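Visitor: Sharing a structure, written as structure tokens. Questions coming.
The values are calculated or read from the model by the stated rules, or taken from the named source; none is laboratory data. In this text, all values refer to a predicted model and were calculated from it rather than measured experimentally. Here the Cβ positions follow ideal geometry from the backbone for every residue, glycine too, while neighbour counts run over all protein chains shown.
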Amino acid sequence: MALELFDSKSQTLRAFTPLTAGHVEMYVCGPTVQSAPHLGHLRSALVYDILRRWLMVTDHTVTMVRNVTDIDDKVLVNAGSRDWREFAKEIEQNFDDAYLALNILEPTHKPHATEHIEDMINLTKKLINLGHAYQATDGSANVFFDTASWPNYGELTNQKLENMEGEEDATFGRKSPNDFALFKAHKADEPDTAAWKTPWGLARPGWHIECSAMAKHFLGESFDIHGGGLDLRFPHHENELAQSSAAGDRFANFWLHNALITISGQKMSKSLGNGVSVEDLEKAGSWGAIRYWLLSAQYRSNLDYSESSIRDAQAALDRIVGFLKRTTNTKQIEIDDQYLPSEFAEAMDSDLNVPGALAVIHERVRAGNTAFDSNNQEALKLCVEQVKAMVHVLGLTFAYQERRISEELTNQVNDLIQQRNAAKLAKDFARADQIRLELEEMGVTLKDMKDITMWSFNG
RNA sequence: GGUGGAGUGGCUGAGCGGCCCAAAGCAACAGCCUGCAAAGCUGUCAACCCACGGGUUCAAAUCCCGUCUCCACCUCCA
């Protein structure tokens, strides 16, 4: 079986074949760095991280572009009295920190909108020449896409122009309320640094033109996959498609949209202010558990966040990690993709059915534990290799890296454990229990094994 | 008004015509282990009719029609 992906433009599951055999080019809409990341942004980035990893495992090289929109109305507003460029950089760092913590791979290219103004000007010029864009009728430096000139407008989201609500307020020189800005004229109250010289006057780019220009810059006039959150489908992606195809490009072969994260059934979003922040998440569980939880629903399904969700994920992940810890030396991890079970591959090939893939991991973990307890070395080895390979594909390997604990604490704990074991041997259980309690208060959980007492620190 | 999506055990969440008397996880319960625990492992439990009502089919959670409820998008959002 080969990979099938749900293409949201055709609204069908399609067999995925790269335009160039063995090589996949994908463009993913990254964040507008206007405020700190929340769970929803992380999910989106993670979905395409998983897709990329799976493509690589199945023998593709992957060029992945994930942009940073670092100039935008909200960036300027939220920067307040600060230099917006500095502000944007800081927010971008917040995103990068979170991506790193979640073990999301760096994209091949991470272009910033402000670095590609020239590309955007060129694309806009071309659209004007082709009669698909125009400078504002009020003589300002605003430039708009002429939706009426493009009969395919609405093709991505299956909408008809006459049914659309469009901009209702002032036109700023629009011919139609449905027309959207390619460039926005510099406003007097905005910093000079947020304006570029264009053939139409001082202006800054609109949101949609950025992605069209950057995708073309790095991937050319056609590429395999365009991804992003479901809330970007319209207008952002519809407009991207209109611009690029009106300019004569074929653009994306597949459109992928990940569903959103909800909280109490309602969409998590910047505008609603109900986002779960990185700080909140770190309190709820480990980054491994967060990654696991984000993967626990297929990417086109909503995922509802609640306080217990990360905790449940932590328990499920601990089961997998615990298996590897008790059966292998986790410091030496060699991965061999040849061990991936076919059921796992089938699940991944089926529009990235990660929950199904996780089920295969758990099934193998159980088989492995059984083999371990009955000392069936041959069966155990197979299960271990399979689990390691699967966990690696999902990027969960980092979850079982050892936490760094100070030598001082280690010695102290080992000393107390020794005292406790001595007390147990002397059948002084009151003393043994007292030490156990002491350790618990330090945040140390004991694990009495057959011959040895293991411990973990959760403080 | 338009365009999409969803409703599956106590909870999360796969399955999308026969392998489904429905995967997996969490929770619960039991056993193993233990001085007793915890942790860990294993097992068991759970979906009466897979939102409701019709229909198609030899066969439906899965397809069709209708109804109800919820969510998203319609020019700020991943």
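Visitor: So A:Lys381 ticks every box in (1) touching a helix residue (DSSP H, G or I) at 6+ places or on another chain (Cβ under 8 Å); (2) surrounded by 14 or more Cβ atoms within 10 Å (Cβ to Cβ); (3) free of Cβ contacts under 8 Å to residues at least 60 places away in the same chain but one. Which box is left unticked?
Guide: Here A:Lys381 meets the rest and fails (1).
Visitor: Have a look at A:Ser8, A:Ser81, A:Ser35 and point out the one that is under 20 Å from A:Arg300 (Cβ atoms), polar (S, T, N, Q) and not assigned by TED's automatic domain parsing to the domain that holds A:Gly395.
Guide: When all the criteria are applied, what remains is A:Ser8.
Visitor: Sticking with this structure for a sec: Being assigned to a helix (DSSP H, G or I) and exposed (fewer than 15 other Cβ atoms within 10 Å of the Cβ) is the requirement here; does A:Glu92 meet it?
Guide: Spelling it out, it is not the case that A:Glu92 is assigned to a helix (DSSP H, G or I) and exposed (fewer than 15 other Cβ atoms within 10 Å of the Cβ).
Visitor: Need the failing condition index for A:Gly139 against (1) at negative phi; (2) part of a loop (DSSP other than H, G, I, E, B); (3) not aromatic (Phe, Trp, Tyr), just the number.
Guide: Here A:Gly139 clears every test but (1).
Visitor: If you don't mind, there's one more thing I want to ask. If A:Lys175 meets every condition in (1) under 29 Å from A:Leu272 (Cα atoms); (2) without any contact (Cβ under 8 Å) to a residue 60 or more places away in the chain; (3) within 16 Å of RNA strand B (Cβ to nearest atom) apart from one, which number is that one?
Guide: Answer for A:Lys175: the failing condition is (1).
Visitor: Among A:Asp70, A:Asp59, which is within 16 Å of RNA strand B (Cβ to nearest atom) and among the acidic types (Asp, Glu)?
Guide: So the residue among A:Asp70, A:Asp59 that is within 16 Å of RNA strand B (Cβ to nearest atom) and among the acidic types (Asp, Glu) is A:Asp70.
Visitor: Here is a list: A:Glu210, A:Glu155, A:Glu162, A:Glu221. Which entry is surrounded by 17 or more Cβ atoms within 10 Å (Cβ to Cβ) and charged (D, E, K, R)?
Guide: A:Glu210
Visitor: Would you pick out the residues in the stretch A:251-286 that are touching a helix residue (DSSP H, G or I) at 6+ places or on another chain (Cβ under 7 Å), part of a strand (DSSP E or B) and either within 9 Å of RNA strand B (Cβ to nearest atom) or more than 30 Å from A:Thr20 (Cα to Cα) (or both)?
Guide: The answer is A:His257, A:Asn258, A:Ile261.
Visitor: Let me confirm something: among A:Ala316, A:Ala347, A:Ala357, which residue is among the hydrophobic types (A, V, I, L, M, F, W, C), buried (at least 20 other Cβ atoms within 10 Å of the Cβ) and under 19 Å from A:Ile290 (Cα atoms)?
Guide: A:Ala357
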